[in-house]
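These notes concern the structure reproduced below.
The values are calculated or read from the model by the stated rules, or taken from the named source; none is laboratory data. Since the model is a prediction, treat every value here as computed from it, not as a measurement. A quick note on method: Cβ atoms are made from the backbone with ideal geometry, for glycine too, and the neighbour counts reach across all protein chains shown. Remember, those area values only see protein heavy atoms, side chains included, never the ligands or the DNA or RNA. Shrake-Rupley method; radii C 1.70, N 1.55, O 1.52, S 1.80 Å.
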Amino acid sequence: MTTLKKKKKGLKTAPFDIYIYIASTGEKFLLKNVHAEMKIRELKCYAELVVGIPYNLQRLQYLDEGDMLDDSDLRHNDVVAGASINLKLWRMWDSLVAAVCRGSVDKVLREGVVLEKAWESLDPVSYRNKVSVAREKASVALFIAAHRGRNNLIKSLIDNGEADVNMKTPFGRTPLHAASSQGHSNAIDLMLEKGASMDETDVQGKSALMVASQWGFKDSERHLFLFQWQTRAAKTKHRRTSKTLMMHQQFDSAYPTWLKGCYSQVYFCNTLPPGEFAGTGISAPRRRAVQDANQLRDSFLEQSSSDLHNHEQQLPPIDGAMGYDGTRYSIGGKPVLPHIRSKERLASGKSHGSSKSATFDEWLGEKKYKQQQQQQKKKKQD
């Protein structure tokens with residue numbers, strides 16, 4: 001029996017809907033899906049976004065018109081489905097909240113949300129108290145105006161008043177949270193232009209973007225997401241074009257005319273810096289330094305000489321072949337050319353010069369040198 005009682009205590013009753021009525025403004029709001037085990041503190045947190053009144057200003061009353069304690073639940077206060085709970089404010093806030101809900105800019109600015117020159121003649125302690133009260137009133141007025149979507153009032157409070165666009169309620173909600181919960185996209189854009197922060201989260205860990213998504217306002221969610229994307233994109237540094245990128249990475253080679261006509265010439269002029277390749281053909285290798293090319297050539301010759309020496313040792317004896325000792329090379333009685341040994345190849349390469357230049361400049365220099373020699377021979381013969 002005890003286990004059944006514990007299980008029954010842990011179970012929540014079916015959700016129901018209630019209403020909250022603001023006496024000073026005559027507004028009535030619907031709160032959906034509340035349950036009997038909900039604490040009054042949780043109800044105030046929920047009502048802060050529905051009603052638009054900060055938690056520290058709320059005084060919830062029901063039946064006996066006594067303030068409901070935050071630690072009590074709805075069952076303790078006999079709240080049933082369809083009940084109407086009265087929300088009353090402290091006297092110092094009644095006139096300000098009523099003026100903000102009506103959207104009267106002049107009346108709100110006369111409620112002590114703007115610094116007055118007469119306060120400068122007061123003593124420092126009184127002046128600081130006046131300034132702190134004015135800032136608190138302006139911030140509360142901004143929160144309520146953002147919830148109601150009063151754009152003119154929002155602009156006046158930020159420009160002329162002492163309102164902080166990033167003020168927070170005891171539950172960590174900002175005016176941007178209030179506007180997002182009601183889908184006021186214009187108010188969201190206005191506060192973002194005035195420096196509202198999107199990164200602020202409430203006690204539940206939800207940002208304004210998450211609140212707009214939770215309450216189903218897609219337009220407000222899109223406005224917030226685009227602003228967040230633009231802010232992050234502005235902070236990122238554009239990567240500079242690297243010279244090590246290949247041609248298809250620097251330019252769009254899928255352009256259909258890049259292989260034909262004048263477009264081909266322009267394309268290659270833009271992609272190929274002068275002297276990058278050792279030749280003018282498309283399959284020409286990249287140009288290398290002379291020292292590196294010589295080192296690669298020497299290593300290639302040394303490797304080829306060792307490979308040829310090993311290969312000659314593995315060749316079968318050739319009939320009638322003549323080596324360095326006077327014998328003739330032949331296969332099946334027919335004379336053939338002998339295999340060029342590595343020493344002979346190195347000697348011929350050093351004596352006659354390499355047939356292939358390491359770079360295009362070397363090849364061109366050798367060609368010009370040969371042409372000059374031929375011209376000189378012709379002149380001598382003539």
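Some notes on this structure:
- Net charge of neighbours whose Cβ lies under 14 Å from the Cβ of residue 59, counting Lys and Arg as +1 and Asp and Glu as -1: -2
- A straight chain from residue 166 to residue 107 at 0.36 nm per residue would run longer than the Cα-Cα distance by 18.9 nm.
- The portion of the accessible surface of segment 80-211 made up by carbon and sulfur, rounded to a whole percent, is 46 (1.4 Å probe; DNA, RNA and ligands excluded).
- Between the amide H of residue 85 and those of 19, 20, 21, distances stay under 5 Å, these residues lying 5 or more places away or on another chain, with hydrogens modeled in the peptide plane.
- Relative packing of peptides 88-100, 152-164 - highest average C-beta neighbours within 10 Å first: 152-164, 88-100
- Per residue solvent-accessible surface (Å²) - segment 43-198, probe of 1.4 Å: 45
- Cα centroid separation - segment 21-75 against segment 118-147, whole Å: 27
- Long-range amide H partners of residue 59 with built H, under 5 Å: 88
- With a Förster radius of 45 Å applied to the C-beta separation of residue 286 and residue 230, the computed FRET efficiency comes to 0.60.
- Charge tally for residue 229 (other residues, Cβ to Cβ under 15 Å; Lys, Arg +1; Asp, Glu -1): 0.
- For segment 32-82: rounded, prolate or oblate by the Cα gyration tensor [a/c cutoff 1.5]: oblate
- Shape analysis of segment 124-173 yields a ratio of the Cα radius of gyration to the Kirkwood radius, Rg/Rh, of 1.02.
- 21 Å Cα-Cα threshold exceeded, pairs from 206/235; 44/168; 44/206: 206/235
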